[in-house]
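Peer 1: Before anything else, here's the structure in question.
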Amino acid sequence: MRKIYVLLTDTGTVLTKIIKLYTKKPHNHASIALDDQLWDVYSFGRKRPRNPFLAGFVRENIRGGIFRNADCAIYCCTISEKQYDKICQKIDEIEKNKGEYRYNLLGLFAVLFNLELDRKNAFFCSHFVAALLEESGVKINKQKPLSLVTPDDIKESSSLELMYEGKLSAYFAVTNRDMNELAHSSYYRDFSTDRVEVI
């Protein structure tokens with residue numbers, strides 16, 4: 001069995017604030033990570049931190065830039081080796097052909113009006129994450145098209161378990177410690193299975 005991680009964030013950018021005015025939800029950006037230290041993180045979002053309109057498939061550096069002061073919720077999902085390989089293969093395929101993929105900005109605004117706008121090879125963040133999960137066999141538990149799935153919909157999946165909520169920087173402060181030391185502590189075992197809130 002393998003684990004993947006879904007990262008929901010609130011970066012506090014202007015676009016995020018606009019979306020938040022409508023959704024009233026704490027986190028409005030979704031990414032998928034292949035490791036618990038969040039080195040391999042993928043989404044559809046900004047290619048340049050200062051330009052929200054130049055966007056597409058990205059491997060995100062969430063240790064700086066717009067993520068530096070982000071609030072987050074991190075969910076864990078246990079999947080089979082076959083499912084994990086399928087997700088990795090799809091990410092590799094998109095990365096190799098990323099020039100053919102684009103950010104579905106129109107689709108993002110269509111969600112605000114509950115209008116389905118599914119464009120070929122075009123995604124926004126939660127649509128991308130939901131499509132990856134569904135394609136690998138992880139159900140989102142929402143009776144709606146993938147192009148209308150929001151970050152809040154994703155977290156409602158019974159396949160996901162909340163493992164951390166708080167400041168992203170505080171999560172790194174824990175995971176950057178000596179993992180050998182943490183592996184033998186009850187705190188690490190609790191951290192990997194229970195909800196942790198940082199105030």
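The values are calculated or read from the model by the stated rules, or taken from the named source; none is laboratory data. The shown structure was predicted, so the numbers you read here are calculated from the model rather than taken from an experiment. With ideal geometry, Cβ positions are generated from the backbone for all residues, glycine too; neighbour counts draw on all protein chains shown. Accessible surface is based on the protein model in full, side chains and every heavy atom, while ligands, DNA and RNA are left aside. Shrake-Rupley method; radii C 1.70, N 1.55, O 1.52, S 1.80 Å.
Peer 1: Expressed as a whole percentage, what fraction of the accessible surface of segment 33-167 belongs to carbon and sulfur atoms when a 1.4 Å probe is rolled over the protein heavy atoms?
Peer 2: The computed percentage sits at 48.
Peer 1: Along Cα→Cβ, 7 Å out, is where each label goes; now give me the distance between the ones at residue 21 and residue 40 in nm to one decimal.
Peer 2: Those two pseudo-labels are separated by 3.9 nm.
Peer 1: Now for a separate question. In whole angstrom, how long is each semi-axis of the equivalent ellipsoid of segment 66-155, when you take the square root of 5 times every eigenvalue of its Cα gyration tensor and sort them from largest down?
Peer 2: 20, 17, 15
Peer 1: Still on this structure, please answer the following. Using the heavy atoms of the protein chains alone and a 1.4 angstrom probe, what is the accessible area of segment 1-149 per residue in square angstrom?
Peer 2: Result: 52 Å² of accessible area for each residue.
Peer 1: A further question on this structure: Which stretch or stretches of segment 14-33 have amide N atoms under 15 Å from the point lying 7 Å from residue 114's Cα along the Cα→Cβ direction?
Peer 2: The answer is 23.
Peer 1: Please work out the C-alpha center-to-center distance from segment 16-42 to segment 51-110 and express it in whole Å.
Peer 2: Centre-to-centre (Cα) distance: 10 Å.
Peer 1: How much accessible area does residue 68 have with a 1.4 Å probe, in Å² rounded to the nearest 10?
Peer 2: 140 Å²
Peer 1: Let me ask another. To the nearest 10 Å², what's residue 115's accessible area with a 1.4 Å probe?
Peer 2: Its heavy atoms expose roughly 100 Å² to the probe.
Peer 1: Okay, next question. Please work out the ratio of the alpha-carbon Rg of segment 25-176 to 2.2 N^0.38 Å and round it to two decimals.
Peer 2: Normalised Cα radius of gyration, segment 25-176: 1.00.
Peer 1: Using a basic spin-label model with each label point 7 Å from the Cα along Cα→Cβ, how many nm lie between residue 173 and residue 161?
Peer 2: Computed distance between label sites residue 173 and residue 161 equals 2.6 nm.
Peer 1: Which value, in debye to the nearest 20, gives the size of the charge dipole of segment 1-50 about its Cα centre, when Lys and Arg are +1 and Asp and Glu are -1 at the Cβ?
Peer 2: 340 debye
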